[in-house]
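Asker: Got a structure for you, questions after.
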Amino acid sequence: MMSYLYQYRVLKTRENFSEFADTIKEGKPEMQMREMIKYIVSQLFKYNYFHGFVTQELRHTENLKDELLDFYQLFVKKLDEVIKKGVASGVFTFTPKPEDILTMIIGSTLFVIRNKNFYELYVPSKNEEAYAKEAEKKVRMNLLLSVFAILGYAAD
């Protein structure tokens, strides 16, 4: 049952991402990259209760693997478009593989989610809700710095 719920969540997230990507497609590459990072990090934090389940159950559910693969491929395609647009306009000076950027975004975010006992040492907070907001903000800022450095971002 839980796998169907997660599969549905992935499908809806992919659909929402497609709509989201269409709304930002005319923006500058650096804005698009910033918003895409913000989007994926917020979605991972929003549905963090699924991550333990996925670790255990994903190997048994081919449909779920396919849904995730479709979403990842869509995200990589959009990342590739933004990177190429940024390089063509001179905003980015390096063209990393978009799948490596996605791996970094998801891996960093999941590390923070799965290692809360470690990460909360560096994100002091009064309660669970405050911790989640601050942890999401911190990981998003770290990713922005890292991704833009890898891209060779040349700010005006």
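The values are calculated or read from the model by the stated rules, or taken from the named source; none is laboratory data. What you see is a predicted model; the values in this text were computed from it and never measured. FYI the Cβ positions are ideal-geometry reconstructions off the backbone, even for glycines, and counts take in every protein chain you see. These area figures cover heavy atoms from the full protein model, side chains too; ligands, DNA and RNA do not enter into them. Shrake-Rupley method; radii C 1.70, N 1.55, O 1.52, S 1.80 Å.
Asker: Are there any pairs, at least 6 apart or on different chains, whose C-beta atoms fall under 9 Å, with the first in the stretch 1-30 and in contact (Cβ under 8 Å) with a residue 60 or more places away in the chain and the second open to solvent by 40 Å² or more (accessible area, probe 1.4 Å) and small (Gly, Ala, Ser), and if so, which?
Answerer: Correct list of pairs: 28/89; 29/88; 29/89; 30/155.
Asker: Under the condition of being charged (D, E, K, R) and surrounded by fewer than 15 Cβ atoms within 10 Å (Cβ to Cβ), which residue from the stretch 66-79 is nearest to residue 27 (Cα to Cα)? Break it down stepwise before answering.
Answerer: Start the filter on the stretch 66-79 by keeping residues that are charged (D, E, K, R), which leaves 66-67, 70, 77-78.
Imposing the further condition that a residue be surrounded by fewer than 15 Cβ atoms within 10 Å (Cβ to Cβ) reduces the set to 66, 70, 77.
Details: 66: 30, 70: 24, 77: 17 Å.
Result: 77.
Asker: Check residue 69 against each of (1) more than 14 Å from residue 37 (Cβ to Cβ); (2) in contact (Cβ under 8 Å) with a residue 12 or more places away in the chain; (3) within 16 Å of the chain's Cα centre (by Cα) and name the one condition it does not meet.
Answerer: Here residue 69 clears every test but (2).
Asker: Within the stretch 80-87, identify whether any single residue is open to solvent by less than 60 Å² (accessible area, probe 1.4 Å), of a type in the set (D, E, K, R), under 17 Å from residue 36 (Cα atoms) and without any contact (Cβ under 8 Å) to a residue 60 or more places away in the chain, and answer yes or no.
Answerer: Quick first cut of the stretch 80-87, residues open to solvent by less than 60 Å² (accessible area, probe 1.4 Å) only: 80, 82-83, 86-87.
So of that shortlist, the ones also of a type in the set (D, E, K, R) come out as 80.
From what is left, the residues that are under 17 Å from residue 36 (Cα atoms) are 80.
Among the residues that remain, those that are also without any contact (Cβ under 8 Å) to a residue 60 or more places away in the chain are: 80.
There is at least one residue in the stretch 80-87 that is open to solvent by less than 60 Å² (accessible area, probe 1.4 Å), of a type in the set (D, E, K, R), under 17 Å from residue 36 (Cα atoms) and without any contact (Cβ under 8 Å) to a residue 60 or more places away in the chain.
Asker: Could you tell me which numbered condition residue 118 fails, if it satisfies all but one of (1) more than 24 Å from residue 23 (Cα to Cα); (2) open to solvent by less than 80 Å² (accessible area, probe 1.4 Å); (3) not in a loop (DSSP other than H, G, I, E, B)?
Answerer: (2)
Asker: May I ask you to say which residue of 130, 155 is out of contact with any Ser or Thr (no Cβ under 8 Å at 6 or more places or on another chain) and loosely packed, with under 12 Cβ neighbours inside 10 Å?
Answerer: 155
Asker: Another one. Please count how many residues of the stretch 32-46 are without any contact (Cβ under 8 Å) to a residue 60 or more places away in the chain and open to solvent by 60 Å² or more (accessible area, probe 1.4 Å).
Answerer: Our first condition is that a residue be without any contact (Cβ under 8 Å) to a residue 60 or more places away in the chain; within the stretch 32-46, this holds for 32, 35-36, 39, 43, 46.
So of that shortlist, the ones also open to solvent by 60 Å² or more (accessible area, probe 1.4 Å) come out as 46.
Residues that pass the stated criteria total 1.
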